[in-house]
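The values are calculated or read from the model by the stated rules, or taken from the named source; none is laboratory data. Computed from a predicted model, the values in this text were never measured in an experiment. No Cβ is skipped: glycine too gets one built from the backbone with ideal geometry, and neighbour counts run over all protein chains shown. We work out accessible area using only protein heavy atoms, side chains counted, and drop any ligands, DNA or RNA first. Shrake-Rupley method; radii C 1.70, N 1.55, O 1.52, S 1.80 Å.
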Amino acid sequence: MSEWQDTLRVSEYEGVLAEVPLLFLHHEGLVRILFNVDTTTVEEARQVEGFVNQILSRLPSLQETVATASFKYYLFLVEAFRKSYGDEVQLPVATDAESLKQFYKLTTIYLPNEFEAGYFGLGFECEFEIEHGLGIRFRNWQIEEVGDEEEGFSLD
């Protein structure tokens with residue numbers, strides 16, 4: 001679980017970050033872990049290894065919860081875009097949570113300023129909302145908010 005520690009670094013634009021290879025919702029690849037703005041050094045990031053590892057170990061069990069919430073958000077977007085733009089909107093077609101999985105992938109795990117179990121955000125690239133992405137914020141391991149990617153990194 002702690003292989004992410006080997007990739008810890010400070011980025012001029014993103015602050016302290018690490019990367020971890022993950023398989024999540026049928027997509028495999030490197031996922032960034034972005035530490036909060038109060039974490040300014042690699043040494044500080046290493047001090048929360050248990051918190052990060054807890055999130056990484058629980059992520060697989062959250063996949064279906066994420067898929068269901070993402071599909072509900074997708075349906076909301078389809079309706080909102082059709083009201084605004086009519087039938088000219090070109091969105092990927094998904095009939096259920098499973099068929100939507102191919103249209104988005106996890107790119108970032110956002111960590112809060114105050115570390116508490118089950119409080120973090122997820123950011124996704126997605127084909128059904130290319131401009132704003134998809135964000136999901138968790139508190140106590142339950143989804144607190146779903147929306148554009150800002151929801152994933154809006155951690156108090």
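General remarks:
- Across the chain, the relative contact order, built from alpha-carbon pairs under 8 Å that are at least six residues apart, equals 18 percent.
- Eligible lysines near LYS83 by straight Cα distance, threshold 22 Å, same-chain separation 8 or greater: LYS72
- Relative to the longest principal axis of the Cα atoms of the chain, the long axis of helix 63-85 lies at roughly 50 degrees.
- Using a probe of 1.4 angstrom and keeping all protein chains present, the accessible surface of the chain works out to 54 square angstrom per residue.
- Taking amide H atoms as placed 1.01 Å from N in the peptide plane, the amide H of LEU134 lies under 5 Å from those of PHE124, CYS126, GLU149, each 5 or more residues away in sequence or on another chain.
- Extension gain, GLN5-THR65: 0.36 nm per intervening residue step, less the Cα-Cα distance, totals 18.9 nm.
- Excluding same-chain neighbours fewer than eight residues apart, the aspartates and glutamates reachable from LYS105 by a Cα-Cα span under 17 Å are GLU19, GLU28, GLU64, ASP96, GLU125, GLU127, GLU129, GLU131, ASP148, GLU149, GLU150, GLU151.
- Percent accessible area from carbon and sulfur atoms, the chain, protein chains only, probe 1.4 Å: 47 percent
- Inter-probe distance in nm under a simple model that places probes 7 Å from Cα toward Cβ, at GLU79 and THR40: 4.6 nm
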